[in-house]
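Taking it in order: structure first as structure tokens, then the write-up.
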Amino acid sequence: MAKYRLRTLGRLALLDRDGREEHSLGTRPRKLALLAWLAMRPERRATRDLIIGVFWGEREAERARNSLSDALSHFRRVLGRNAIRTPADEVVIAEDAPLAVDGIDLARAVATGDHDTVIALHKGVFLDGIFIDDAPEFDDWRDRERARISAHFGKSCSARCEELARSNDWTRCEETARRWLDVQGESMEAIHWLLTAVAAPGTRDAYVVAMREYGAFTERGERDLGLQPDPALVRIRDEIAAALANPSTPSAAIVAGLPAPKIAPRPPDETPAQSRDASDRVTAQRPRLSSRLIAFGAGAIAVTATVFVMLQQRTAGRAAKGRVAVATFENRTGDTSVALIGRMAADWISRGLAETRILEVVNPVAAPSASGPIDVRSFGEDVNARTIVVGSYIGRGDSIEFEARLVDASSNRLIRAIGPVTAHRGSPMLAIGILRQRVAGALAAENDRVITALAREATQPPTYDAYLAWVDGLDAFSQGDMIGSIPILLRAASLDTNFVTPMLWAAAAYANSGRWAQCDSIIGIVDRRHRALAPIDRGLLNLWKSLLRGDKAGAYAAAKLMLAEAPGSEGALYLAGLNAMEVNRPAEAVSVLRRIPVQRSGVKWDLFGTGLTRALHMTERHSEELVEARRRRSREPKWLGALEAAGTALVAVGRLDEIDGLVSEIAMLSPQPGRTAPGSLSLIADELQAHGYAAEAVSLFRQVIELARAMAFADANAVGTRVLVARALFLTGDTASAEAQLRVLSNEAPSNPAILGWMGVMAAARGRTAEADSLSNALSQLNYPYVLGAHLFERARIAAVLGRKDNAVALLRQALAQGVSIFLIHWSPELQSLRGYPPFETLMKPVG
């Protein structure tokens with residue numbers, strides 16, 4: 001036994017053999033965190049430079065080296081002089097060092113499949129409560145390890161519950177499920193196992209306890225997350241409640257609505273006469289959701305993230321529905337007394353599929369019954385169905401284990417395997433209900449182009465309830481209802497805790513509504529489960545993590561990895577192109593964005609744009625830009641984004657004779673998601689000014705003012721619109737009115753960088769240098785989270801107007817490094833004075 005044990009699971013501490021804490025390191029969290037980090041690394045070694053970068057990267061080099069030396073000396077005093085070795089430029093924990101680490105022991109248990117040890121060792125969150133100032137790389141590592149260990153813990157709990165259920169050890173299964181819920185309190189699989197284990201004895205007392213557990217779980221979900229009970233859990237509750245309400249029900253049969261041997265139960269709203277006259281199939285109705293095909297992309301521009309949602313009217317047939325039939329599940333228990341469960345499973349799953357309102361489902365009454373395996377091709381021909389759901393169940397002591405397979409009847413190709421799912425023999429509906437959800441989710445995904453594209457790579461399909469909530473959330477998202485989409489998307493994630501993708505959308509909705517802290521919180525939750533994500537979702541997670549830090553290079557790298565994982569994905573192409581522009585690689589962006597098949601795509605890219613015209617503009621290929629802008633405008637003649645792109649292209653090639661007609665078209669349009677007519681005209685006016693058309697720009701800015709003041713009250717009084725008007729007033733020479741409006745705005749939003757920036761620019765333009773410097777200093781004091789360099793950009797504008805070119809360029813370089821979009825520099829009239837200045841031209845020179 002090692003002399004010391006480093007506890008990383010829970011509160012970080014170094015313990016001696018008797019469990020006493022070593023206090024000299026315990027009061028120095030950075031040193032203790034370094035010891036944990038080094039101990040958990042491959043071969044327990046790292047270079048000195050790497051260690052300094054992770055733990056003291058923000059410090060001056062000499063001071064950082066001294067801090068590392070002090071930490072190593074401290075480790076040697078505690079662990080022994082030979083415990084820490086420093087060959088060449090490395091630091092190594094010796095193999096014979098008297099140090100054991102619970103995190104390493106857990107990793108060994110995972111590798112050997114020792115689930116009991118994994119569960120026993122997981123005594124708390126990895127490095128719980130450890131936060132090191134100015135060490136973002138350590139924070140990233142800690143969070144990745146937390147997610148990895150948490151995922152291993154969940155998998156071990158799931159595997160152990162399965163093992164215990166097969167051996168009918170329901171007491172230990174219950175204990176494991178409770179332990180699981182203590183750590184992952186939102187896990188639907190954990191509560192499924194808990195209810196199954198608690199109800200297993202089949203006694204009234206057991207059912208009462210199960211109902212109590214159900215109530216506690218759903219109350220916690222509603223209280224902590226604002227969520228209503230999961231429909232799958234509600235069905236389990238109803239099943240148990242039915243048994244409690246019927247004293248004559250045998251304790252071994254907790255099956256609600258078991259069908260008669262020869263017929264399937266009819267729908268509750270169907271009369272006997274209607275049942276006799278019913279056809280042999282259940283035809284699903286069209287979905288109630290508004291018709292949209294949605295594709296997702298995200299990018300940070302200045303301090304706000306813009307999520308571009310591509311909308312398309314779905315085709316009338318909802319993408320090749322086809323007929324689906326569920327065969328009677330094969331009874332492989334060897335026990336004829338449970339033969340009816342096979343027909344019950346087929347009926348219950350069929351009804352769940354019909355409820356999706358997407359699929360045409362063969363009624364189980366019309367499907368031929370079989371006592372053994374079926375010939376899928378023949379079965380499909382008999383019922384005229386393209387997709388067949390086949391399944392079986394086996395006995396394992398007092399338990400029954402179900403599995404299902406989706407098979408293409410024409411080719412006998414396996415589409416997806418689902419399960420196994422286990423329940424007590426007396427409670428088969430607990431398992432059938434879960435299986436039904438998974439089958440419905442898988443088939444819905446296969447038959448819906450949106451969900452197929454976004455969810456196919458998941459290891460398990462989402463439950464149908466989760467799928468339906470997700471599509472509802474996407475529908476709200478697509479209509480610009482960011483706030484309204486958030487609870488729906490979070491509900492989708494809560495309905496199936498293995499289905500993490502909706503949380504990424506919820507994070508995007510939070511960002512789009514300016515709620516950055518909530519976005520960051522959601523991304524943190526998703527990051528803890530990143531190993532469960534499909535590769536393209538994992539890339540999207542990494543992209544968002546980078547955007548929240550203002551790390552454009554990281555976002556670019558994440559987008560490139562997404563494209564490598566899915567080279568044919570239009571969404572990945574879009575994100576790779578957008579983020580290539582943000583790191584000043586416009587030629588690369590052009591090459592990537594041209595690969596999006598906008599003319600034949602199912603996604604209406606022309607509605608919001610691929611960004612190709614912007615990339616062409618950055619490369620000064622303005623003739624090509626105009627061709628693309630006109631093509632887009634011809635397809636979306638009433639969309640502000642398309643008209644705006646056409647306007648900037650026309651200005652760039654000097655076709656001012658066409659601008660008046662375009663301006664008139666824009667002025668007639670109502671606000672659209674993310675855009676208003678005054679905003680679009682303001683961008684065209686900026687382009688006029690950038691290309692030397694000063695008089696034309698002033699004239700257009702005057703129209704901006706008139707249009708903005710004529711908008712509906714709510715739109716006209718939005719902070720963004722009022723800043724737009726103040727800016728236009730200043731650029732048309734009415735500085736006094738502009739400053740008066742900004743003073744009012746500054747009282748309402750004293751920490752808004754754009755407002756302070758414009759006040760500083762105007763003061764500088766009127767020669768009030770001291771006032772401009774004071775406002776620049778106020779901007780330098782803005783240190784709230786997620787400012788993402790906006791304060792530096794505004795200070796650069798002030799410096800440029802004051803003629804301090806060196807200072808302006810230095811501030812712009814810092815602003816770009818912290819997340820400011822390169823497009824803002826191009827659009828800002830105040831920075832025109834820097835053009836031709838060599839340091840500025842070097843900064844703006846495209847890469848590659």
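Some values worked out for this structure:
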| quantity | calculated |
| --- | --- |
| Nearest-0.05 FRET efficiency for ALA564 and SER73, computed from C-beta distance (R0 41 Å) | 0.40 |
| Solvent-accessible area per residue, Å², over the range 524-641 with all protein chains present [probe radius 1.4 Å] | 39 |
| Dipole axis of the range 566-713 (+1 Lys, Arg; -1 Asp, Glu on Cβ), positive-most option in SER680, LEU669, GLY571 | GLY571 |
| Order of exposure, largest accessible area first, which applies to MET762, MET668, MET40 with probe 1.4 Å | MET668, MET40, MET762 |
| Extension reserve of the ASP139-ARG332 stretch, reckoned as 0.36 nm per residue once the Cα distance is removed | 64.4 nm |
| Dimensions (Å) - the range 499-628, Cα atoms, principal axes, largest first | 47, 28, 25 |
| For the range 619-729, convex hull of alpha carbons as volume per residue, Å³ | 99 |
| Heavy atoms of TRP758: accessible area, 1.4 Å probe, square angstrom to 10 | 20 |
| Accessible area expressed per residue, the range 98-204, with surrounding protein chains retained (probe 1.4 Å, Å²) | 41 |
| With every protein chain in place, the range 581-632: carbon and sulfur % of accessible area (1.4 Å) | 48 |
| Spin-label pair LEU683/ARG59, simplified geometry with 7 Å Cα→Cβ offset, distance in nm | 4.7 |
| Computed over the range 29-128: relative contact order in percent, which uses C-alpha pairs under 8 Å that are six or more apart | 24 |
| Förster radius 35 Å - calculated FRET efficiency between ARG835 and GLN781, Cβ distance, rounded to 0.05 | 0.70 |
| Of all accessible heavy-atom area on the range 709-848, the percent that carbon and sulfur account for (1.4 Å) | 54 |
| The range 69-185 - percent of accessible surface contributed by carbon and sulfur, probe 1.4 Å | 45 |
| All lysines inside 23 Å of LYS31 as judged from Cα atoms, apart from same-chain residues fewer than 8 positions distant | LYS3, LYS123 |
| Accessible area per residue, Å², the range 795-835 with all protein chains present, probe 1.4 Å | 36 |
| Whole-number percent relative contact order across the range 738-806, with pairs defined as alpha carbons under 8 Å at least 6 apart | 32 |
| Approximate spin-label separation ALA159-ARG813, in nm, with each point projected 7 Å along Cα-to-Cβ | 5.3 |
| Most positive-pole-ward Cα, TRP180, TRP193, ASN168, against dipole of the range 168-210 from beta carbon charges | ASN168 |
| Spin-label zone in the range 173-210 - amide nitrogen under 13 Å from a point set 7 Å from the Cα of GLU219 along the C-beta vector | none |
| Net lengthening on full extension, ARG11/VAL744 (0.36 nm per residue, minus Cα-Cα) | 258.9 nm |
| Bins of 10 Å from zero: percent of alpha-carbon pairs in the range 670-758 | 17, 49, 31, 2 |
| Qualifying lysines (Cα of each under 28 Å from Cα of LYS604; at least 8 residues distant if same chain) | LYS321, LYS545, LYS552, LYS560, LYS638 |
| Quotient of C-alpha Rg and 2.2 N^0.38 Å, computed over the range 738-848 | 1.03 |
| Relative contact order for the range 702-772, counting Cα pairs under 8 Å that sit 6 or more residues apart, in percent | 20 |
| Accessible area (Å², 1.4 Å probe, nearest 10) - SER167 | 70 |
| Surface accessible to a 1.4 Å probe, GLU58 within the full protein complex, Å² | 130 |
| Distance in nm between pseudo-label sites at ALA417 and ALA770 (7 Å out along the Cβ direction from Cα) | 8.0 |
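The values are calculated or read from the model by the stated rules, or taken from the named source; none is laboratory data. What you see is a predicted model; the values in this text were computed from it and never measured. Note that each Cβ is placed from the backbone with ideal geometry, even for glycine, and that neighbours are counted across all protein chains shown. Just so you know, the surface numbers come from the protein's heavy atoms only, side chains and all, with ligands and any DNA or RNA stripped out. Shrake-Rupley method; radii C 1.70, N 1.55, O 1.52, S 1.80 Å.
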